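Participant: Handing you this structure, nothing more for now.
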Amino acid sequence: MSRVRVLVGTHKGAFILASDGKRQDWQISGPFFGGWEIYHMKGSPADPDRLYASQSTSWYGQMMQRSNDGGQTWETVGNKFTYEGETGTHKWYDGTPHPWEFKRVWHLEPSLNNPDTVYAGAEDAALFRSEDGGHNWRELPGLRHNTTGPSWQPGAGGLCLHTILLDPNDEKRMFIAISAAGAFRTDDGAESWRPINRGLHSQYIPDPTAEVGHCVHRLAMHPARPDVLFMQKHWDVMRTDNAGDSWQEVSGNLPTDFGFVIDVHAHEPETIYVVPIKSDSEHYPMDGKLRVYRSRTGGNEWEPLTKGLPQSDCYVNVLRDAMAVDSLDSCGVYFGTTGGQVYVSSDAGDNWMPIAKNLPAVLSVEVQTLA
Amino acid sequence: MIRVVLPAHLRTLARVDGEVQLEVSGEVTLEAVLDALEERYPVLQGALRDHVTKKRRAFVRFFACQEDLSLEPPDIRLPDAVIASAEPLLIVGAIAGG
């Protein structure tokens, strides 16, 4: 029978939640790396027992952990992240030039076919790659040296590269997103990049339709249709059908289109999920009701999913890397909250149950579907 | 033998219990002790000071014999009591927040 393994990164350590394919009974193991922030953990699609975890604190900086046995044991690997070439500057909050400074890794994206190759998205925004299982990291400088790099400016959470999407049909194509620069695409294996933000409208920046400067919170892709991307922007839910050449808004009837997460059903490329958050100054759901919204039409028409989720006095947030889907026949959807809850729906969002209730604030959720 | 006390998180990371004891050849400076510490425990590279510039991380502090050495130059000679193993070099994570 199939199994699932949910990898949860929190403000104070990592946890692994495991269940069989029914997804009713769960075992929680951890905390791993107690007291450290685990911004992200992810398993290799090529070897599900190979896991990577980004571990950091403001005190002792960045560490990188690797497991070869599905998280039972861990090995500290390389943590030397240095920018290639002339460091240069980006814009600081006040618009003045500010030198690029490495702070942490927000997101890890293992290669689709090689467990020793993994990409890391960093703050200050840069893309790194390791080809030896995390021991050595090298910046892919084409992104940062993109002509728009000096104009990038941090969002409230920092100048973070938080999303990395690998095109399963074209190993040279990759998408990334940066707060608050926007989305970018490479078609030549990360040698060169271009902004893909046409169609975005951000009224809070001087030029609302600028080439860069948009606070993109998250991108999502269905592997069967890598030219179709969905975006949760600071405000606005967007989609593109041409790999980012142009975007259109699909917020439709959402009660608020601010939010962080967005994801796609494993078997239905037009079924997408978001968690609307009241506003950028009130990082909690509207009316104290935690509601996932699902669109079965690729956006615009949304339905609230509430069964099993708290519908009163709930004021948690769901951060940008804290939603995932499994690939079982009945698609499972998972998300974690800043209140330390992890919820699962084993029927594509119709019904929800908590599988952890009292973890530290959840920063990221990934799920592995295991044979 | 130089005695070094690590903060709890770094003891866990380095998989050590209690104090670390290091042989330091030549002049026993703060930098020499940190070099020896990182050589013995490579996982600590980058945790105390920058990989390249060797600048101390902002929230890491160094104390010995009730003196704060954090702002001293890295080539400062450690106190005789530390060199004689009577006192440890304390590496401390700064207390921050409320």
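Participant: Which condition from (1) surrounded by fewer than 19 Cβ atoms within 10 Å (Cβ to Cβ); (2) farther than 29 Å from B:Ala58 by Cα is the one that A:Trp74 breaks?
Facilitator: If we test A:Trp74 against (1) surrounded by fewer than 19 Cβ atoms within 10 Å (Cβ to Cβ); (2) farther than 29 Å from B:Ala58 by Cα, just (2) comes out false.
Participant: List every residue pair whose Cβ atoms lie under 6 Å apart, where the two residues are 6 or more positions apart in sequence or sit on different chains, the first residue falls within the stretch B:54-81 and is within 14 Å of another protein chain (Cβ to nearest Cβ), and the second residue, located anywhere, is part of a loop (DSSP other than H, G, I, E, B) and surrounded by 17 or more Cβ atoms within 10 Å (Cβ to Cβ).
Facilitator: Sorted first by the residue in the stretch B:54-81, then by its partner, the pairs are B:Phe59/A:Trp59; B:Val60/B:Leu48; B:Phe62/B:Leu69.
Participant: Turning to a different aspect of this structure: Tell me yes or no: at least one residue of the stretch A:272-280 is buried (at least 18 other Cβ atoms within 10 Å of the Cβ) and over 18 Å from A:Asp236 (Cβ atoms).
Facilitator: no
Okay, residues lined up against (1) in contact with a Pro (Cβ under 7 Å, 6 or more places away or on another chain); (2) at pLDDT 95 or above; (3) among the acidic types (Asp, Glu):
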residue	(1), (2), (3)
A:Thr10	yes, yes, no
A:Ala14	yes, yes, no
A:Ser29	no, yes, no
A:Asp47	yes, yes, yes
A:Gln72	no, yes, no
A:Val77	no, yes, no
A:Gly85	yes, no, no
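Participant: Any residue that is out of contact with any helix residue (DSSP H, G or I) (no Cβ under 6 Å at 6 or more places or on another chain), in a strand (DSSP E or B) and buried (at least 23 other Cβ atoms within 10 Å of the Cβ) - is there at least one of those in the stretch A:303-323?
Facilitator: Checked against the condition, which is being out of contact with any helix residue (DSSP H, G or I) (no Cβ under 6 Å at 6 or more places or on another chain), in a strand (DSSP E or B) and buried (at least 23 other Cβ atoms within 10 Å of the Cβ), the stretch A:303-323 yields at least one hit.
Participant: A further question on this structure: May I ask you to list the residues in the stretch A:34-58 that are surrounded by fewer than 21 Cβ atoms within 10 Å (Cβ to Cβ) and among the hydrophobic types (A, V, I, L, M, F, W, C)?
Facilitator: Matches in the stretch A:34-58: A:Ala46 only.
Participant: Follow-up question, since we're still on this one. Where in the stretch A:1-111 are the strands (runs of 3 or more DSSP E), entirely inside, with at least 2 residues that are among the hydrophobic types (A, V, I, L, M, F, W, C), in contact (Cβ under 8 Å) with a residue 40 or more places away in the chain and away from every other protein chain (no Cβ under 14 Å)? Steps first, please.
Facilitator: Values: elements: A:3-10, A:13-20, A:27-32, A:37-43, A:51-57, A:61-67, A:75-77, A:89-91, A:97-99, A:104-110.
Counting at least 2 such residues, we get A:3-10, A:13-20, A:104-110.
Participant: Okay, moving on. Residues that are in a loop (DSSP other than H, G, I, E, B), at pLDDT 95 or above and at positive phi: does the stretch B:30-42 have at least one?
Facilitator: Scanning the stretch B:30-42, I find no residue that is in a loop (DSSP other than H, G, I, E, B), at pLDDT 95 or above and at positive phi, so the answer is no.
Participant: Output the residues belonging to the stretch B:68-98 that are among the charged types (D, E, K, R) and over 14 Å from B:Arg3 (Cα atoms).
Facilitator: If the condition is that a residue be among the charged types (D, E, K, R) and over 14 Å from B:Arg3 (Cα atoms), then B:Asp68, B:Glu72, B:Asp75, B:Arg77 are the ones that fit.
Participant: Select from the stretch A:206-233 the residues that are surrounded by 21 or more Cβ atoms within 10 Å (Cβ to Cβ), touching a residue at least 60 places away in the same chain (Cβ under 8 Å) and in a loop (DSSP other than H, G, I, E, B) and list them in ascending order.
Facilitator: A:Val212, A:Gly213, A:Cys215, listed by residue number.
Participant: What single numbered condition from (1) in contact (Cβ under 8 Å) with a residue 12 or more places away in the chain; (2) surrounded by 16 or more Cβ atoms within 10 Å (Cβ to Cβ); (3) touching a helix residue (DSSP H, G or I) at 6+ places or on another chain (Cβ under 9 Å); (4) within 14 Å of chain A (Cβ to nearest Cβ) fails to hold for B:Glu38?
Facilitator: (1)
The values are calculated or read from the model by the stated rules, or taken from the named source; none is laboratory data. Since this is a predicted model, take the numbers as computed values, not measurements. Glycine gets a Cβ as well: all are built from the backbone with ideal geometry, and neighbour counts include every protein chain shown.
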